[in-house]
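See structure below.
Each reported figure results from applying straightforward, stated rules to the coordinates on display, with no laboratory input. Just so we're clear, the structure is a prediction, and the values are computed from it rather than from any experiment. Because the Cβ atoms are built from the backbone with ideal geometry, glycine has one as well, and the counts that use them run over all protein chains shown.
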Amino acid sequence: MRADFERRFEEVDRRFEAADRRFEAIVEEMRAMRADFERRFEEVDRRFEAVDRRFEAADRRFEAIVEEMRAMRADFERRFEEVDRRFEAVDRRFEAADRRFEAIVEELRTLRSDFEQWVRFSQQEFAALRVRVAEMGIGLGSLGLRMGQGLEEVIRQVIESFSGAGPLKAARLVLIDEAGELYQPGARVEIDALVTDGRRFLVEVKNYAKTDEVWAFHRKARFAEAKLGETFEKVLIAPAATASAVALAKQLGIICYTFRSVESRETSE
């Protein structure tokens, strides 16, 4: 029986030793697990720290973006204010343009009224109108309302038929600009009338003379003198002309006959 007890106690001891080994293995496993947990949590902490740093960087970028947006808004507001000011300036210029258009329309009304008055006056008062041309008494009579495309022909007929200054001869002068001095080569250069009565005149007729017409006649007359090799007295006849055109004609040595001088905003060449 004693031997039986000894075996049983030895068995108990072996079992306790096995239990101890198992405890030690468990403890070792727990130590390893704790170490692994610590390592893993340290890695997690590092990753969280990296995440925190990235959030901090993101916060800084958000702040920079917000600051940039504030600056952009301020710049936009400044630019929109400038745009508003420029639109206001444009509105003011349109208003000024409207006023100028109104002034032009009013001036046109005045010109039309003056022209109609002149036509009525011509119908009533100038049945036998005479204008002296180049101090030799060439007169223009019975013009009436013959304004427009037929005016030049009417005046040539009146000059040719007028007998107050001796034998007269009037004809349209047509030259060819062969070298292209005035226009393109081969173009026709026409002057309304070449009048001869001992003296020789170049006569140009316009419904309404401006500085452009004076310059054009001056150039054509110089071309004719060079082409024909002689000098002419130059006469411009116009029922109405701008004051600047009359002054320019005088400056260029052109005799200007007009019934009415009109103030007009134009620039001479």
Worksheet, complete the sentence: Note, residue 82: beta-carbon cut-off 11 Å, +1 each Lys/Arg, -1 each Asp/Glu, net -1
Worksheet item: What is the spin-label model distance, in nm, from residue 174 to residue 118 if the labels are put 7 Å beyond Cα along the C-beta direction?
Response: 2.9 nm
Worksheet item: Taking the Cβ of residue 25 as the center, what net charge do the other residues with Cβ under 13 Å away carry, scoring Lys and Arg +1 and Asp and Glu -1?
Response: -2
Worksheet item: At each listed q (0.10, 0.18 Å⁻¹), what is the log10 of I(q)/I(0) that the Debye formula gives for segment 1-124 modelled as equal alpha-carbon point scatterers?
Response: -0.79, -1.06
Practice prompt. Note the full-extension length gain between residue 67 and residue 97 as 0.36 nm times their separation in residues minus their Cα-Cα distance, in nm to one decimal.
Written response: 6.4 nm
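Efficiency by 1/(1 + (r/R0)^6): what FRET value for residue 38 and residue 16, r their Cβ-Cβ distance, R0 = 30 Å, to the nearest 0.05?
0.40
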Practice prompt. Quick one: order 92, 200 by neighbouring beta-carbon count within 10 Å, fewest to most.
Written response: 92, 200
Worksheet, complete the sentence: Charge tally for neighbours of residue 190 with beta carbon under 9 Å away, counting Lys, Arg as +1 and Asp, Glu as -1, is +2
Discussion item. Only counting other Cβ atoms within 10 Å, I'd like 104, 254 sorted with the fewest neighbours first.
Written reply: 104, 254
Discussion item. Please enumerate, by chain and number, the aspartates and glutamates with C-alpha under 18 Å from the C-alpha of residue 227, excluding those fewer than 8 residues away in the same chain.
Written reply: 177, 178, 181, 190, 192, 204
Worksheet item: Can you sort 196, 242, 231, 258 so the residue with the fewest Cβ neighbours within 10 Å comes first?
Response: 231, 196, 258, 242
